[in-house]
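Right, one structure below, let's go through it.
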Amino acid sequence: MTSEVLPLGLLEAIAKIVQKEGFDNKYILETSQLAGIGENSYGLVLQAKISCPNKTREPFFCVLKIAPSNPARRIHMRVADYYKREAFMYNDVLRAFQEIQEEERIPVEEAFNAIPKVYHASLKDLEEFFIFEDLIQGGFSRNSRSNLPTFELAISALKALAKYHAMSFVIQAKKPELFQKLIGELRFNDNLYTPTMDQVTIEFAKKYVRRTKEMIADDKHRSNRTELMKVVQIFEDTFKEIGLRSVDGGGCAPYAVICHGDFWNNNVLYRYDECNNPIDAKLIDFQMSRYASPVLDIVHYLFACTEKELRDAHFDEFINVYHATLTEHLRLFNLDPEVIFPRSVLNSHLKTYGPYGFCMAIFSVPFFICDSSDLPDLDEVSEAIHELSSEGSDSEDRNQEQNNNIDLEMEKKSRVLVEEFELLNEKTTPLFKKRLTGIVLDLVKYDMVDELVAFGKKVREEKMTAN
């Protein structure tokens, strides 16, 4: 890719950055794509290499994240909101984490520093972009979208996550007024689960919930398939409500944190030692950060990104390492972990919010297991969704019955649209079955079903009363 296709504002920002890095006005800018198809739905991610024509100094590298320009995609995927959220996280939240560590004189080697530097950010409408430190130059690399994390990678990721969550608790304990200001930007303003969550997104999730239920039903050798099908049915009946309950940090305060929000395999970069063992991890992509239980990030990663065999062998160890790391980091600030976030509360949150991991796996696993060539064009999908949404957007001069009928019609059309874009095929269907069935089995195994059943019953009763 040549620099001519980059936004003018981005080119101007690069010019200022490289000037600070000691380059003169003559430099060569080369870019190459970093994130493949299906790995970053909210923008183009490029590696930029800036070099001197006369090669008098070493090249400078950075990462460019550029918002998509397709109008329908920007509306459907709320692109501006996602870039605004990420800018807030770096400018306000993550900066507050760094400042309090400096104030408390936390040793550099023990501090939370698992994020890239941001050289520049622009939120100009239709030209949103970020310029990040290139972590690859620091020896970090991604685990491929299609490669499941190993035990060692999962441990490294969970340790970084635990320190990140600990910093949220530290701000809450040490600077409560600042904490309330920060979460004020996040509460009631989630970037995925909202009361007005579009019907196509809900139907996409329900499609693969139904597919999971059908796969369990077809497994005649499974003695508890009736029980498992009932669990999956709750997700189909109350998917949106489960999501809304999960992302409400106020419901579990003071044990809620500023979550990463999109904590999956591709949003963690690792650095390895000479024996190829992961020794450090960095977190990227804070576009879906929210105020909620820490468990949301944990189960998102463990359920959406690992298989049941790994969880069977190490689930308790994963949770132990996470909590031990969080505890150790809290003690650096002279905070009592038994007050801030005791293990008993973590165990309780796993039972209450564990099902959220299934919700995120339903959204993500169909994409994770696909070859890039099999993924749909996001611009095309967004345009089809925008056209459908426009049909029911004018609700003036309608009574409640008419609006209800329109909602039902939109639900049917959304389901038809979702069926047109199939992600599973002969190769990936067995993988999907293994991954999602394994999650349902683990919801039962780790006592995450009882509260889900009670919640599903409550929602169904409320819907019947409303009707």
Out of the residues in the stretch 414-442 meeting the condition of being exposed (fewer than 14 other Cβ atoms within 10 Å of the Cβ) and of a type in the set (Asp, Glu), tell me which one is farthest from Ile216 (Cα to Cα).
Glu420
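For (1) in contact with a Cys (Cβ under 9 Å, 6 or more places away or on another chain); (2) at pLDDT 90 or above, each residue gets a yes or a no:
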site	(1), (2)
Ser32	no, yes
Gly36	no, no
Ser41	no, no
Lys49	yes, yes
Ile75	no, no
Does Met410 satisfy being part of a helix (DSSP H, G or I), touching a helix residue (DSSP H, G or I) at 6+ places or on another chain (Cβ under 6 Å), among the aliphatic types (A, V, I, L, M) and modelled with pLDDT under 75?
yes
Qualifying positions in the stretch 312-341 - within 25 Å of the chain's Cα centre (by Cα), buried (at least 18 other Cβ atoms within 10 Å of the Cβ) and part of a helix (DSSP H, G or I):
Phe318, Ile319, Tyr322, His323, Thr325, Leu326, Thr327, His329, Leu330, Ile340
Taking Leu186 as the residue in question, decide whether it is closer than 24 Å to Tyr291 by Cα, crowded, with 21+ Cβ neighbours inside 10 Å and not polar (S, T, N, Q).
yes
Tell me which residues, restricted to the stretch 85-114, are of a type in the set (D, E, K, R) and either surrounded by 20 or more Cβ atoms within 10 Å (Cβ to Cβ) or in contact (Cβ under 8 Å) with a residue 40 or more places away in the chain (or both).
Arg85, Glu86, Asp92, Glu104, Glu110
Among the residues of the stretch 162-177, the number that are more than 23 Å from His323 (Cβ to Cβ) and crowded, with 16+ Cβ neighbours inside 10 Å is 1
Inspect the stretch 93-107 for any residue being assigned to a loop (DSSP other than H, G, I, E, B), within 15 Å of Met167 (Cα to Cα) and in contact with a His (Cβ under 8 Å, 6 or more places away or on another chain) and give the result as yes or no.
no
Among Lys240, Lys181, which is the only one that is among the basic types (Lys, Arg) and closer than 23 Å to Phe97 by Cβ?
Lys181
Filtering the stretch 244-294 down to residues that are touching a helix residue (DSSP H, G or I) at 6+ places or on another chain (Cβ under 6 Å) and part of a helix (DSSP H, G or I), which residue is farthest from Thr306 (Cα to Cα)?
Ser246
Does Ala72 satisfy being in contact with a Ser or Thr (Cβ under 9 Å, 6 or more places away or on another chain), buried (at least 16 other Cβ atoms within 10 Å of the Cβ), of a type in the set (A, V, I, L, M) and more than 30 Å from Val365 (Cβ to Cβ)?
no
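In this structure, does Pro53 turn out to be without any contact (Cβ under 8 Å) to a residue 60 or more places away in the chain and in contact with a strand residue (DSSP E or B) (Cβ under 9 Å, 6 or more places away or on another chain)?
Yes; evaluated as a whole, the condition is true for this residue.
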For the subset of the stretch 108-123 comprising residues that are touching a strand residue (DSSP E or B) at 6+ places or on another chain (Cβ under 8 Å) and part of a loop (DSSP other than H, G, I, E, B), which member is farthest from Asp371 (Cα to Cα)?
Lys117
Scanning the stretch 443-467 for residues that are aliphatic (A, V, I, L, M) and surrounded by 12 or more Cβ atoms within 10 Å (Cβ to Cβ) gives Leu443, Val444, Met448, Val449, Leu452, Val453, Val459
Is one or more of the residues making up the stretch 138-159 farther than 30 Å from Leu431 by Cα and in contact (Cβ under 8 Å) with a residue 12 or more places away in the chain?
yes
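The values are calculated or read from the model by the stated rules, or taken from the named source; none is laboratory data. Predicted model only: the values in this text are computed from it and were never measured. A quick note on method: Cβ atoms are made from the backbone with ideal geometry, for glycine too, and the neighbour counts reach across all protein chains shown.
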